[in-house]
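The values are calculated or read from the model by the stated rules, or taken from the named source; none is laboratory data. All values derive from a computational prediction rather than experimental measurement. Here Cβ is always computed from backbone atoms with ideal geometry, including for glycine, and neighbour counts include all displayed protein chains.
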Amino acid sequence: MSVEFREPNQSFVEVLKEIVASIQGETITLRELLERIGEQGLLIFCMILTLPFLFPVSIPGVSTVFGLAILLIGIGVTLNRLPWLPARLKERKIATERLIPVLKRGADVLGRFERFVRPRIPVLTHGTTVNRFNGVMLVLSAVLLMFPLGLVPFSNTLPALAILFLAIGMLQRDGLFITLGYVAIIATVIYFVALFAAALLAGQGIMSLLGSGTIILFPLL
């Protein structure tokens, strides 16, 4: 079954505020979040899943879970099909005590973006090939989000921004936001390569010091 991302009849900020107002209880599942979106589309779902990574608030375990959900949605966009989400992923429970404040702050931030969003640069937003390429970029961003570097500053924020910009651009046919998504992906890759190189150099330095006998281990008193 093909999937079509149509223009929403509400702004994505209005949809997000309605979702926040509808959340009750101590926990909520991904399935329940997706059901609350209704016909507004999976791209808004991707936008919601990025919000916990845009602020200095930790919600344990969501990087892998949310990243996997975004990855599967990106595959669906690439293949022009409704994505399959495993039952275990859809039923994963998230504490609403931490999620609701993040979603409220996210609605305020997205409201600032919404003023600048409009259809433009159609070469980046229209056509089967372009949509599939943007889907692949969404998948790549989700993979970067799932990297086990949650304690490293900006390691989740940069790929989350890439996903957010791509989702906004694809949903609202705004090529400028698509471009910002590409830039965020490049910045994420450069950042991760720099982290890897720094870790490698640090490891080599420690091994060199150990080999030269510079490090002296003092006995416990």
Test: residue in the range 129-146 that is within 22 Å of PHE66 (Cα to Cα) and part of a loop (DSSP other than H, G, I, E, B): yes
Please verify whether THR125 is of a type in the set (Val, Ile, Thr), within 20 Å of THR188 (Cβ to Cβ), surrounded by 15 or more Cβ atoms within 10 Å (Cβ to Cβ) and in contact (Cβ under 8 Å) with a residue 40 or more places away in the chain, treating the condition exactly as stated. no
Can you confirm whether the range 181-198 contains a residue that is more than 28 Å from MET47 (Cα to Cα) and small (Gly, Ala, Ser)? yes
Scan the range 69-114 for residues that are surrounded by fewer than 18 Cβ atoms within 10 Å (Cβ to Cβ), at pLDDT 80 or above and either assigned to a loop (DSSP other than H, G, I, E, B) or touching a Cys at 6+ places or on another chain (Cβ under 7 Å) (or both) and jot them down. GLU91
Could you please let me know if LEU144 is in contact with a Leu (Cβ under 8 Å, 6 or more places away or on another chain), farther than 22 Å from GLU18 by Cβ and modelled with pLDDT of 80 or more? yes
If you check every pair at least six apart or on different chains, which have Cβ atoms under 7 Å apart with a residue in the range 146-174 that is under 19 Å from PRO122 (Cα atoms) first and a residue that is of a type in the set (A, V, I, L, M, F, W, C) and not in a helix (DSSP H, G or I) second? ILE168/VAL117; MET170/PHE5; LEU171/PHE5; GLN172/VAL117; ASP174/VAL117
For the range 148-168, check the following and say yes or no: at least one residue is among the hydrophobic types (A, V, I, L, M, F, W, C), more than 23 Å from SER63 (Cβ to Cβ) and modelled with pLDDT under 90. no
Out of curiosity, is VAL130 surrounded by fewer than 18 Cβ atoms within 10 Å (Cβ to Cβ), farther than 20 Å from SER11 by Cα, over 14 Å from the mean Cα position of the chain (by Cα) and at pLDDT 90 or above? yes
Would you call SER63 in a helix (DSSP H, G or I), over 14 Å from LEU43 (Cβ atoms) and under 10 Å from the mean Cα position of the chain (by Cα)? yes
Can you name every residue in the range 16-37 that is part of a helix (DSSP H, G or I), modelled with pLDDT of 75 or more, surrounded by 15 or more Cβ atoms within 10 Å (Cβ to Cβ) and not charged (D, E, K, R)? LEU16, ILE19, VAL20, LEU30, LEU33
